[in-house]
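Accompanying notes for the structure given below.
Any read-out appearing in this document is the output of simple, stated calculations on the displayed coordinates, not a laboratory observation. Predicted, not measured: the structure shown is a model, and the values here were computed from it. A quick note on method: Cβ atoms are made from the backbone with ideal geometry, for glycine too, and the neighbour counts reach across all protein chains shown.
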Amino acid sequence: MLEDIRSDCGDDYGRLHIFWLHASPHWQLSDNLKFSMRHVLGLREIEGSDDYWISRHRFGLDYKLEDYGRLVGIGASTEVFVRYDTDEIFENRFIPIKTTFKISARSKLSLYLMTQSKRAVGGSSWKTAYVFGQSLSYKF
């Protein structure tokens, strides 16, 4: 997310420590379609500030493509962040489209468009950033 939006929302990632535990169940709905979830429970500790517990919940659909050359998959997902001390959603990351390309037998590149919305300090308004992102994976 853009640094000015992070600042407006009270984030200071230079002094942030997160301890977390997660579970990632997934279901193969058909030969090519997979539904996945990721649930994270975390403790955020920020120097000079109160520590607080959060949870992150991600839901995604991925479709495996065949006979499209290097393009091997498309998908979509959303992830919400909940803060327990205020009992409110404070961030949402929505990826309406993700494309995955096979680089080699063991590596893939994913490109995605993301809308990241974060609740501003005080809780009444939201700040939004639009991100073009990528991730690179490699199987060892």
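Among S137, S104, S117, the order by Cβ neighbours within 10 angstrom, fewest to most, reads S104, S137, S117.
The residues neighbouring N92, those whose beta-carbon lies less than 14 Å from its own, together hold a net charge of +4 under the Lys/Arg +1, Asp/Glu -1 convention.
Among the listed pairs K34/K108; K64/K118; K34/K127, those whose Cα-Cα separation exceeds 28 Å are K64/K118; K34/K127.
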